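Remarks on the structure that follows.
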Amino acid sequence: MRLSQRFALLSLLLFESVMSILGLLFLAFNDGAAEVLVGLGILPILTLGLAYGAWRNWRWVPVASVVVATAITVLLLIDPAKDIYFSPVLLAPMAVAFVVTDSRTTIITALVAIVVTWLRADGDTPYLKVDYAICYAFIAGCLWLGRLILEQTQRANTEALDLAQTERGMAQRYAQEAEDRASSLQTQSEEQQRLLATVAALETPIVEVAEQVLLAPIIGYVDDQRAAQLTDRILAAVNQRRANAIILDITSLSDVNAQTAQQLLRLASAIRLLGSSVILSGISPDLATTLVRQRIDLSMVSTAPTPYAALQLAATL
């Protein structure tokens, strides 16, 4: 259930009306002070009138309800000149302000309530004791901070809701535009797929340079995605052409590092599982240094300085 500020204010005012009526009846049968009885007699009328205003959504009702609660509390419900103990009723106005207004009104209400109480008190009242004043200030500060956090949360939720509604409208508009362009986009996508396949074939052409010997020059940078694509294409070619050996020429391979070396070794392992020998040609000094530093085992593959030398080596395998 989502509790709105209007519903909370209306519920609080009705609750105050009921409690004031019950308090009036209790004090009437127990010889309560006349001024308190008068205040409790007026309070239901005021709170019911404010409840009507809250139901009609009058904007000034929250502040008015706080003013009424503060006046009734500090002027009628507590008597600083006679009270022996600190009455917790003094906390009621700022509690009302916390529920129905904002953080600024909450702290102002707390200050007004305690200042008016001090002005009505004498030297023997508990309301002037330092320990009680510190406790009151602590509670007021906690309520103020809690209301401030609540307001920031509400503001953030409102902004998030507005943003979500805006993005929803934009998404619906984009969806409509996308639907209108679906046919052309599908055609473009198919054309792009053909171009990508052509580019992938040109990046690593796999040619048969001798009987059952393939040559696959690897050019450019090899990342995880391209390594997966190379593996799929080369394994498919080895399996389809029943190659006994494949030469992986890495002369034009760029950005050689330990990760690249590991990817090449994984590719070689996969090729060997198909029963084909692997020959690496064109190993650069940088790659050789990396292989030595990383202590990478090349026993599963043969090496050659050039593709021509690799072709001669393949003839002996």
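The values are calculated or read from the model by the stated rules, or taken from the named source; none is laboratory data. These figures come from a predicted structure and were not determined experimentally. Glycine also receives a Cβ, built like all others from the backbone with ideal geometry; neighbour counts cover every protein chain displayed.
Observations on the structure shown:
- Among the candidates 12, 24, 43, 50, the residue that is within 42 Å of the chain's Cα centre (by Cα), assigned to a helix (DSSP H, G or I), more than 17 Å from residue 143 (Cβ to Cβ) and in the same structural domain as residue 139 (by TED's automatic domain parsing) is uniquely 50.
- Residues (among the charged types (D, E, K, R) and surrounded by fewer than 16 Cβ atoms within 10 Å (Cβ to Cβ)) located in region 129-151: 129, 131, 151
- Within region 53-67, residues that are free of Cβ contacts under 8 Å to residues at least 12 places away in the same chain sit with their Cβ atoms under 6 Å from residues that are surrounded by 15 or more Cβ atoms within 10 Å (Cβ to Cβ) and part of a helix (DSSP H, G or I), at 6+ positions apart or across chains, in these pairs: 53/61.
- Flag if residue 148 is touching a Phe, Trp or Tyr at 6+ places or on another chain (Cβ under 8 Å), assigned to a helix (DSSP H, G or I), at pLDDT 80 or above and under 30 Å from residue 90 (Cα atoms): no
- Checked against the criterion of being closer than 23 Å to residue 308 by Cα and of a type in the set (Asp, Glu), the candidates 223, 232, 249 yield just one match: 249.
- The selection criterion, being out of contact with any Asp or Glu (no Cβ under 8 Å at 6 or more places or on another chain) and at pLDDT below 80, does not hold for residue 86.
- Any hit, region 125-140, residues being polar (S, T, N, Q) and either at pLDDT 85 or above or farther than 30 Å from residue 79 by Cβ (or both): no
- Against the criterion of being more than 46 Å from the chain's Cα centre (by Cα) and assigned by TED's automatic domain parsing to the domain that holds residue 149, residue 77 qualifies.
Yes/no per residue for (1) in the same structural domain as residue 220 (by TED's automatic domain parsing); (2) of a type in the set (Phe, Trp, Tyr); (3) at negative phi:
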{"position": "261", "(1), (2), (3)": "yes, no, yes"}
{"position": "275", "(1), (2), (3)": "yes, no, no"}
{"position": "281", "(1), (2), (3)": "yes, no, yes"}
{"position": "288", "(1), (2), (3)": "yes, no, yes"}
{"position": "297", "(1), (2), (3)": "yes, no, yes"}
{"position": "300", "(1), (2), (3)": "yes, no, yes"}
{"position": "303", "(1), (2), (3)": "yes, no, yes"}
{"position": "308", "(1), (2), (3)": "yes, yes, yes"}
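- Within region 287-306, residues that are more than 19 Å from residue 276 (Cβ to Cβ) have Cβ atoms under 7 Å from residues that are in a loop (DSSP other than H, G, I, E, B) in these pairs: 287/256; 290/256; 290/257; 291/298; 306/282, counting only partners at least 6 apart in sequence or on another chain.
Conditions tested, residue by residue: (1) surrounded by 20 or more Cβ atoms within 10 Å (Cβ to Cβ); (2) part of a loop (DSSP other than H, G, I, E, B); (3) in contact with a strand residue (DSSP E or B) (Cβ under 6 Å, 6 or more places away or on another chain).
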| residue | (1), (2), (3) |
| --- | --- |
| 94 | yes, no, no |
| 98 | yes, no, no |
| 106 | yes, no, no |
| 109 | yes, no, no |
| 112 | no, no, no |
| 115 | no, no, no |
| 118 | no, no, no |
| 122 | no, yes, no |
| 127 | yes, no, no |
